[in-house]
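Below is one structure, written out as structure tokens; the observations come after it.
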Amino acid sequence: MTEAKKTKAPLEIGSHHAIETPVWTPEMLARRRKRATYLALALIAMVGLFFAVTVVKIGGNIVVERAL
Amino acid sequence: MSDASIDQSKSIPSVTDDFGTAGDYIELLKPRVMSLVVFTGLSGLVCAPGTIHPVIAFVALLCIAVGAGASGALNMWFDADIDARMERTKGRPIPTGRVTPEGALAFGTTLSIASVLIMGLMVNVVAGILLAVTIAFYVFVYTMWLKRSTPQNIVIGGAAGAFPPMIGWAAVTGSVSLESIALFAIIFMWTPPHFWALAMFRSEDYRAVNVPMLPVVAGNAETRRQILLYSVLLMPITALPVYFGFAGAIYALTAFMGGAVFLALAFTIWRRGDADVEFKLAKRLFAFSILYLFLLFAVLIVEQGLGAFIPIAGLVS
């Protein structure tokens, strides 16, 4: 597993204590960015799919109502 | 509170160390298994009587694919301990540390719930219920219970892999019928010879992690006998689509010829018990079993979907 490099990064605001926070390497950040991009694309595709299904389902009802 | 009591760095790694790429998460879905599941699901969609809007059919197949993949991810999460010690599985995302177990669990659970809900809401309730049963059966019954407790694990657990054509059928008709059960039965009866052939040449892996596969518990001689027995039982079941009238002459010919080769391979394994050739024969049967199942369902799709259906006189109503 890729190990996150951790350094002491004191948090001054709202904190009385210095805590360790992970420092992400450029490679880790790039990987996270790529994963987030794929996730965003998947969500957009899902929105498109939901829209298409809604049109299909409602479209059928419109045809029935017009026929009546 | 002292500084020592607030060592927050220890609570951070479980979140920050999950550096899995999109490819690692896709690997969790077992894409090769998923493709066969989608394929058999498509056959159920195509063979079912009635019509379905192409968009709804696409949603149904997507849900089958995602549901199958999600159960694969949950299987990898639960089996991470034994996967790490088996040659065949040690390169999977969790044992290699590319994805954390928590990440895999969250991923699998989210996709399972989403696929079932979308199937139920957008396709129909019966298809949604069948998908939920499939996922639950694979994760709870096979993975968590049967796999590590009985040599009959893949006989009963095979039901999970057999559901997709039924789901596809239900997506069109909204019901379960004898015809869809016939498609279920083909995969159900095909699974034991297929997996036992694999287990024969991977038995050392299974023995090392105490998974009671048949070759480990009962030995290769008994496994060879069981392979032949289930292969013989499979043959009449592959004829059921012809009997029910939704498969035609091309399917009948494929099932007959493919079945003959399948039986010949199973018979050869059973008869030639010598240790030096049994692994080779088992590998051959394993590879052919995949081709055989693929061919059977491909022909069903071609016959029904592409208008190549040639009825067999006297059998078709």
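The values are calculated or read from the model by the stated rules, or taken from the named source; none is laboratory data. Since we're looking at a predicted model, the values are computed, not measured. Heads up, the Cβs are rebuilt from the backbone with ideal geometry, glycines too, and the neighbour counts pull from every protein chain shown.
Return the residues of the stretch B:38-56 that are facing chain A (nearest Cβ under 10 Å) and surrounded by 24 or more Cβ atoms within 10 Å (Cβ to Cβ); say none if nothing qualifies.
Answer for the stretch B:38-56, where residues must be facing chain A (nearest Cβ under 10 Å) and surrounded by 24 or more Cβ atoms within 10 Å (Cβ to Cβ): there is none.
Just the residues that are closer than 20 Å to residue B:177 by Cβ and outside any loop (DSSP other than H, G, I, E, B), please, taken from the stretch B:45-62.
B:45, B:46, B:47, B:56, B:57, B:60, B:61
Please work out which one of (1) within 17 Å of the chain's Cα centre (by Cα); (2) buried (at least 21 other Cβ atoms within 10 Å of the Cβ); (3) at pLDDT 95 or above is the condition residue B:59 fails and give its number.
With (1) within 17 Å of the chain's Cα centre (by Cα); (2) buried (at least 21 other Cβ atoms within 10 Å of the Cβ); (3) at pLDDT 95 or above applied to residue B:59, the lone miss is (1).
Show me the helices (runs of 4 or more DSSP H) found entirely inside the stretch B:102-211 where at least 1 residues are surrounded by fewer than 17 Cβ atoms within 10 Å (Cβ to Cβ), modelled with pLDDT under 95 and charged (D, E, K, R). Lay out the reasoning, then the answer.
On the way: elements: B:125-136, B:153-162, B:164-173, B:178-201, B:203-208.
Per the criteria, B:203-208.
Yes or no, residue by residue, for (1) without any contact (Cβ under 8 Å) to a residue 12 or more places away in the chain; (2) within 15 Å of residue B:200 (Cβ to Cβ); (3) under 23 Å from the mean Cα position of the chain (by Cα):
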residue	(1), (2), (3)
B:248	no, no, no
B:259	no, no, yes
B:262	no, no, yes
B:268	no, yes, no
B:277	yes, yes, no
B:282	no, yes, yes
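Which of (1) surrounded by fewer than 19 Cβ atoms within 10 Å (Cβ to Cβ); (2) at pLDDT 95 or above; (3) farther than 20 Å from residue B:175 by Cβ; (4) not acidic (Asp, Glu) does residue B:90 not meet, given it meets every other one?
Looking at each condition in turn, residue B:90 falls short on (2).
How many residues are more than 17 Å from the chain's Cα centre (by Cα) and either of a type in the set (D, E, K, R) or closer than 25 Å to residue B:202 by Cβ (or both) when one looks only at the stretch B:89-117?
13
On the basis of being closer than 30 Å to residue B:78 by Cα, polar (S, T, N, Q) and surrounded by 15 or more Cβ atoms within 10 Å (Cβ to Cβ), does residue B:238 make the cut?
When the stated conditions are applied, residue B:238 does not pass them.
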